[in-house]
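Asks: Quick one: structure below, then a few questions.
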Amino acid sequence: QVQLVESGGGSVQFGGSLRLSCAASGGTLNGLGVGWFRQAPGKEREFISSITAGNSFTTHYADSVEARFTISRDNRKNTVYLQMNSLTPEDTAVYYCAASAGLSTHNLRRGSAAFWGQGTQVSVSS
C-alpha cells in the first residue's frame, strides 16, 4: 500500500515560512487526492488544504489559511507540498497529509482517507 511521509516541519518565529512535503512510496499519488490536516494540543483535527488527483490540481483551503498557505503537487516526484507563509503561533500543530482515491476531495476534506502520514511538528513562536 501507499505510505506517506511528511517532512519540513520545524520551529519558526512569528511571520516565518515553512514548506512541508508529503512524499509517497509504494505507489503513485497520481490517482489520489491529497489533503493536509493539523492538530494542535487540546484541539480537534482540522482540515487545512487539499488538491485533487490527476492533473487538474483543483485546490481547497480552510478560511484560516487560504491567504497564507499554498498546496501543490509534483507527480513526477510523487510529492505534495504545503507552502506556509506568515505563520503565527495559532499555526502551531502537528501537520498530517492524507490521501484518498476519487475525482473529488469532498470526503477527504472531511477526514475520510485511505492513507495517513505520521505527522510533522510545526512550532511558531511569538
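The values are calculated or read from the model by the stated rules, or taken from the named source; none is laboratory data. Just so it is clear, the structure is predicted and the values come from calculations on it, not from any experiment. For accessibility, only protein heavy atoms count, side chains too; no ligands or nucleic acids. Shrake-Rupley method; radii C 1.70, N 1.55, O 1.52, S 1.80 Å.
Asks: Once the mean 1/r over all distinct Cα pairs of the stretch 39-126 is inverted, what Kirkwood radius in angstroms do you read off?
Replies: Taking the inverse mean of 1/r over all distinct Cα pairs, the stretch 39-126 comes out at 13.8 Å.
Asks: Taking H as built 1.01 Å from N, whose amide H comes closer than 5 Å to the amide H of residue 92, not counting residues under 5 places away?
Replies: Those lying under 5 Å, H to H, from residue 92 are 124.
Asks: Return the percentage of antiparallel bridges among DSSP beta bridges fully within the chain, rounded to the nearest 5 %.
Replies: So the antiparallel bridges amount to about 90 percent of the total.
Asks: Considering Cα pairs under 8 angstrom that are at least six residues apart, work out the relative contact order of the chain and quote it in whole percent.
Replies: Dividing the mean separation by the residue count of the chain yields 36 percent.
Asks: Largest first, how would 95, 61 line up by accessible area (1.4 Å probe)?
Replies: Reading off the accessible areas and sorting them downward yields 61, 95.
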